[in-house]
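Report on one structure; see the data block that follows.
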Amino acid sequence: MKKVMLIGFGAMAQAVIERLPAGVAIGWIVARASHHAAIHDQFGDAVEALTSPMACAQTPDLVLECASQQAVAQYGEEILRRGWHLAVISTGALADSALEQRLLAAGGKMTLLSGA
């Protein structure tokens with residue numbers, strides 16, 4: 001079973017959750033603390049609600065950003081430095097060439113997704 005970390009818990013994340021393929025499970029959701037009760041209501045103890053990806057003690061098979069360009073800027077570099085695979089939906093964040101260069105230099109694997 002592959003375990004995915006989602007960054008975000010809005011409409012985009014809900015669409016991803018509804019379409020998860022067999023063999024893939026959400027292990028962690030990074031969201032504002034005000035969303036943690038809703039995450040628990042939806043998933044029980046099967047999913048850990050976090051306020052930062054860096055609070056995760058394990059290694060997700062994939063970190064899927066479903067939040068915003070700001071989330072890419074806030075968390076992307078550190079996720080990649082950990083050697084984690086980051087999939088970015090908010091690709092507009094890379095219009096900031098300085099951010100793009102920092103992400104590329106951080107290591108790890110970054111996949112850009114389209115169609116959001």
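Among L113, L104, which is farther than 16 Å from V4 by Cα, surrounded by fewer than 17 Cβ atoms within 10 Å (Cβ to Cβ) and free of Cβ contacts under 8 Å to residues at least 60 places away in the same chain? Sole residue among the options that is farther than 16 Å from V4 by Cα, surrounded by fewer than 17 Cβ atoms within 10 Å (Cβ to Cβ) and free of Cβ contacts under 8 Å to residues at least 60 places away in the same chain: L104. In segment 50-87, the residue that is surrounded by the fewest Cβ atoms within 10 Å (Cβ to Cβ) out of those that are part of a strand (DSSP E or B) and touching a residue at least 60 places away in the same chain (Cβ under 8 Å) is L62. For the residues A73, A57, A93, the requirement of being in contact with a strand residue (DSSP E or B) (Cβ under 9 Å, 6 or more places away or on another chain), modelled with pLDDT of 95 or more and of a type outside the set (V, I, T) singles out A93. Residue check: is A31 within 25 Å of A105 (Cα to Cα), surrounded by 18 or more Cβ atoms within 10 Å (Cβ to Cβ) and among the small types (G, A, S)? For A31, the condition - within 25 Å of A105 (Cα to Cα), surrounded by 18 or more Cβ atoms within 10 Å (Cβ to Cβ) and among the small types (G, A, S) - is not met.
Sort out which residues of segment 2-23 are on the phi < 0 side of the Ramachandran plot and exposed (fewer than 14 other Cβ atoms within 10 Å of the Cβ), and write them in order of number.
Initial filter on segment 2-23 (on the phi < 0 side of the Ramachandran plot): 2-7, 9-22.
Selection gives K2, G10, A11, A15, E18, R19, L20, P21, A22.
Scanning segment 10-49 for residues that are in a strand (DSSP E or B) and touching a residue at least 40 places away in the same chain (Cβ under 8 Å) returns a single hit, V30. Among the conditions (1) surrounded by 14 or more Cβ atoms within 10 Å (Cβ to Cβ); (2) more than 12 Å from the chain's Cα centre (by Cα); (3) farther than 21 Å from M1 by Cβ, the only one that A95 does not satisfy is (1).
The values are calculated or read from the model by the stated rules, or taken from the named source; none is laboratory data. It should be emphasised that the depicted structure is a prediction, and the values quoted were computed from it without experimental measurement. A quick note on method: Cβ atoms are made from the backbone with ideal geometry, for glycine too, and the neighbour counts reach across all protein chains shown.
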